[in-house]
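The values are calculated or read from the model by the stated rules, or taken from the named source; none is laboratory data. As the structure is a prediction and not an experimental result, all values here were calculated from the model. Here Cβ is always computed from backbone atoms with ideal geometry, including for glycine, and neighbour counts include all displayed protein chains. We work out accessible area using only protein heavy atoms, side chains counted, and drop any ligands, DNA or RNA first. Shrake-Rupley method; radii C 1.70, N 1.55, O 1.52, S 1.80 Å.
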Amino acid sequence: MKIGIYYKTKTEYHIETVNAFIDLLKQNDVGYEISENAKFGEINAIVVFGGDGTLLNVVGEAVEKDVPVYSVKCSDRGFLTSFNDKQLPELLQCILTEKAYKEVSLVSVQYKDEVYFGLNDIVIERVMGESELSNALRCNVYLNDKIVGNYIFDGAIVATPIGSTAYSLSAGGCILDDGLNAFVFTPINAHVCSNKSIVFKDTATLKICLTDRGNASLYIDGIKKQTLKNGDEITITKYVKSIKISDNYSNIYYKLRNEG
């Protein structure tokens, strides 16, 4: 058994928690590897210390290696985190027995020949110009090749159930229970009041086509991947792989009520 450990080394306030976990691993003769760039060799699990942003950094590595990600909350906000600094023995026991994690769907986007995936969301956001109104995006949105509507907005978010509590919620989208096999499409600052969020099955295909007016940036879990131009389109589906992520029987509604 070998565990990969990832945390932001520039953040010192949770180093005591990391060291306490390493001491626990040594006491139980469990191997470990610390990474500063979220890349690992042969490991059986990844433990992340930090908040949601830190956890998102290891998604690609966890999916590629098909290993579970366990998260320890070391910040004020952590909707994705499952354990705290008082639960390190429990965390190690869960890792050794391969318990307390679930498989979660990922959202995928195809742009031309490139395919990206994310745990939280896919965001398209208009590039601001001298005239904010003239730069508003005009898009046609299709679901399973049937047109849903013609949108004028500042951007849009497609979120997973886990990601529905992030940017999508801030933009007015609904919360999806994490047991649903669905995604939510949420316009950002729609210029027509009838343009609301759409919840759709994660087996469906959503297509967003930029028809005219302005360029947009494409973000995956907060990281910019592409610049979209007039006439471009992106296709959004469920990714072919899932991710194993810790679930210490947490309640997202409790977290929203007490941390949101």
Could you please find all residues in region 158-189 being under 14 Å from the mean Cα position of the chain (by Cα) and assigned to a strand (DSSP E or B)? V158, A159, F183, V184
Would you confirm whether or not region 163-179 contains a residue that is surrounded by 20 or more Cβ atoms within 10 Å (Cβ to Cβ), touching a residue at least 40 places away in the same chain (Cβ under 8 Å) and within 15 Å of I234 (Cβ to Cβ)? no
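Regarding A159, is this residue crowded, with 16+ Cβ neighbours inside 10 Å, in contact with a strand residue (DSSP E or B) (Cβ under 7 Å, 6 or more places away or on another chain) and farther than 30 Å from L96 by Cα?
Criteria met by A159.
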Which condition from (1) touching a His at 6+ places or on another chain (Cβ under 9 Å); (2) under 20 Å from I223 (Cβ atoms); (3) of a type in the set (A, V, I, L, M, F, W, C) is the one that F49 breaks? (2)
Any hit, region 190-199, residues being open to solvent by 30 Å² or more (accessible area, probe 1.4 Å), in a loop (DSSP other than H, G, I, E, B) and on the phi > 0 side of the Ramachandran plot: no
With over 21 Å from I152 (Cα atoms), modelled with pLDDT of 95 or more and not polar (S, T, N, Q) as the only criterion, which of K241, K255 stands out? K241
